[in-house]
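Below is one structure, written out as structure tokens; the observations come after it.
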Amino acid sequence: QVQPVESGGGLVQAGGSLRLSCAASGRTFSSRALGWFRRAPGKEREFVAAINWSDSSTYLADSVKGRFTISRDNAKNTVHLQMNSLTPDDPAVYYCAASSIGSRGLGTISGWYTYWGQGTQVTVSS
């Protein structure tokens, strides 16, 4: 199995940027889909972005499209979520998740992913 480990969360000013990282522990992310989800207080968990490790295809939620970018670093076996122009709607615990090996496409629901990280907190100040 593979264990995603998130890092890079913290406090950032509104309009600023953060880069979250998700590294693989145990096994690699090869042949999997990687997804980012977030959950804010009082709100349901929502899909943010996903990337297919094999072909680097990506999909972004409408709420973050144009501001966030998801990418992978094959050499470091790490996926990144670059978050720009952060707003008060973005603070949440961000989770990285990996699908099972050989998954097709990019899942946007949490049940499609098998392995989840502990999450990293993102806070936006005004």
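The values are calculated or read from the model by the stated rules, or taken from the named source; none is laboratory data. Source: prediction; values computed, not measured. Note that each Cβ is placed from the backbone with ideal geometry, even for glycine, and that neighbours are counted across all protein chains shown. What goes into the accessible areas is simple: the full protein's heavy atoms, side chains included, and nothing from ligands, DNA or RNA. Shrake-Rupley method; radii C 1.70, N 1.55, O 1.52, S 1.80 Å.
Within the range 48-66, does at least one residue satisfy the condition of being hydroxyl-bearing (S, T, Y) and touching a Phe, Trp or Tyr at 6+ places or on another chain (Cβ under 8 Å)? Scanning the range 48-66, I find no residue that is hydroxyl-bearing (S, T, Y) and touching a Phe, Trp or Tyr at 6+ places or on another chain (Cβ under 8 Å), so the answer is no. Among the residues of the range 57-77, those that are surrounded by 15 or more Cβ atoms within 10 Å (Cβ to Cβ) and farther than 18 Å from V122 by Cβ comprise T58, Y59, R72, N77. Does S100 satisfy the criteria of being in contact with a Lys or Arg (Cβ under 9 Å, 6 or more places away or on another chain), surrounded by fewer than 19 Cβ atoms within 10 Å (Cβ to Cβ) and farther than 19 Å from S17 by Cα? Spelling it out, S100 is indeed in contact with a Lys or Arg (Cβ under 9 Å, 6 or more places away or on another chain), surrounded by fewer than 19 Cβ atoms within 10 Å (Cβ to Cβ) and farther than 19 Å from S17 by Cα. Does the range 87-97 hold any residues that are surrounded by fewer than 22 Cβ atoms within 10 Å (Cβ to Cβ) and outside any strand (DSSP E or B), and which are they? Those that are surrounded by fewer than 22 Cβ atoms within 10 Å (Cβ to Cβ) and outside any strand (DSSP E or B): T87, P88, D89, P91. The residue pairs whose first member lies in the range 98-126 and is under 27 Å from L86 (Cα atoms) and part of a strand (DSSP E or B), whose second member is open to solvent by less than 70 Å² (accessible area, probe 1.4 Å) and among the charged types (D, E, K, R), and whose beta carbons are closer than 7 Å, counting only pairs six or more residues apart or on different chains, are A98/R32; T120/E6; V122/D90; V124/D90. Taken over the range 1-13, the criterion of being open to solvent by less than 50 Å² (accessible area, probe 1.4 Å) and assigned to a loop (DSSP other than H, G, I, E, B) is satisfied by V2, G8, G9. Among the residues here, N84 does not qualify as under 14 Å from S21 (Cβ atoms), surrounded by 14 or more Cβ atoms within 10 Å (Cβ to Cβ) and either in contact with a Ser or Thr (Cβ under 7 Å, 6 or more places away or on another chain) or not aliphatic (A, V, I, L, M) (or both).
Only a single item in (1) polar (S, T, N, Q); (2) touching a helix residue (DSSP H, G or I) at 6+ places or on another chain (Cβ under 9 Å); (3) over 19 Å from S31 (Cβ atoms) is not met by Q82, and it is number (2).
Identify all residues within the range 42-60 that are touching a residue at least 12 places away in the same chain (Cβ under 8 Å) and on the phi > 0 side of the Ramachandran plot; write none if there are none. Answer for the range 42-60, where residues must be touching a residue at least 12 places away in the same chain (Cβ under 8 Å) and on the phi > 0 side of the Ramachandran plot: just S56. Take the residues in the range 20-56 that are over 10 Å from the mean Cα position of the chain (by Cα) and among the basic types (K, R); name whichever of them is surrounded by the fewest Cβ atoms within 10 Å (Cβ to Cβ). Filtering the range 20-56 for residues that are over 10 Å from the mean Cα position of the chain (by Cα) and among the basic types (K, R), the one surrounded by the fewest Cβ atoms within 10 Å (Cβ to Cβ) comes out as K43.
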